[in-house]
There are 2 protein chains.
Amino acid sequence: MSEKLPFRRVSLGYQVNHLARVFEAALRTQIAPFGVAPGQFPALLCLFEEDGLTQAEMCSRVQIAQPTMAHTLRRMERDGLVTRTPVPEDGRSSRTWLTDHAREIEDDLVRIGRGINASAVTGLSEAEVEALLTSISVMIDNLTPPEGAR
Amino acid sequence: MSEKLPFRRVSLGYQVNHLARVFEAALRTQIAPFGVAPGQFPALLCLFEEDGLTQAEMCSRVQIAQPTMAHTLRRMERDGLVTRTPVPEDGRSSRTWLTDHAREIEDDLVRIGRGINASAVTGLSEAEVEALLTSISVMIDNLTPPEGAR
DNA sequence: CCCATGAACATTGCTTGCTATGTAGTGTAG
DNA sequence: CTACACTACATAGCAAGCAATGTTCATGGG
């Protein structure tokens, strides 16, 4: 008979992938009315914390590859969420600024983010959520290649 | 001064997204030598468990939208991992079968998957990993829309 | 039998992620 | 000052996810 073990169903990597997709789906439906897409969300949160960053700074804060950030920023510019100004001291880089419209929807977006996080952990205790965040952080460290190899 | 709270850095959704990406990156580099891409991995594991499924069956087992599965299966066919045969009783559907080549690399792929999962949880106790999987499962349930709304 | 409904899969078009590569500006060694 | 290396960003090309839509086949009601 040789039944196959259901490796996939208990594979941590698969479960994490699945979870990330349901998170993204929830975010997508809730922020769509504001004209914001899931991939723009981390970049926006980053700019809410601090405005006028260069692309390289945003990449390192959001942990996204540079071409991805370039693409995302262009769409955000297209969608009226950010503008970019050249840096006088360095002709290569430019700073990204939130538009008034982005500032207007900031509170709503942050509220939505918090709401999704909250509904995700419904039924888990404070301690369990704490342990979860710790475990995630440990796993990210474990799987992130050392500085040299990137 | 009005310092912004670093919401992003502690946002569960963002951390999960980040974790999923480092998982995917690790998988990508390790399975690339076998000519397999990350998105094909869940589909392959699914077929390792049971061969000859229809596309719809694979969608529901892997929890992937149907157009995504269609696209992935076409690439897997192109890459010599699967073949498809029509279902005589139903002219609409076809069954997907692993090629000999896919069977040959099965053990290596499963080993790689287990290895990545193991290295991810390095430093966590058995109990912590158990709690983690439980929490992930709870969150997926919490965030998955009810049957009707899909 | 015929038609309507629904199911299975394909297609289109978008976003978001990646790697690899190109281009232009900075800065430094000689 | 010039050449070289490095940095910042852009571009190309691909994979993989989604929603929306089209097409073909199956099936049940009348």
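The values are calculated or read from the model by the stated rules, or taken from the named source; none is laboratory data. Quantities reported herein were computed from a predicted structural model and do not represent experimental measurements. Virtual Cβ from ideal backbone geometry, glycine too; neighbours counted across all protein chains shown. Protein only, heavy atoms only, side chains kept; ligands, DNA and RNA dropped before computing areas. Shrake-Rupley method; radii C 1.70, N 1.55, O 1.52, S 1.80 Å.
In table form, for the structure just shown:
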quantity: Label 7 Å beyond Cα on the Cβ vector: B:S137 copy-to-copy distances, nm; calculated: 2.7
quantity: B:D90/B:Q63 FRET efficiency (R0 22 Å; Cβ-Cβ; nearest 0.05); calculated: 0.45
quantity: Exposure of B:D141 as accessible area (Å², to 10), given a probe of 1.4 Å and all protein chains; calculated: 110
quantity: Radius of gyration and maximum dimension Dmax of the protein assembly as shown, Cα, Å; calculated: 21.2, 71
quantity: Qualifying GluC sites (Glu not before Pro) in region A:78-137, DSSP loop, other Cβ atoms within 10 Å at most 15; calculated: A:E89
quantity: Residue closest to axis [chain A; rotation mapping onto B; Cβ; Å]; calculated: A:A20, 2
quantity: Most to least accessible of B:F23, B:F34 (protein chains only, probe 1.4 Å); calculated: B:F34, B:F23
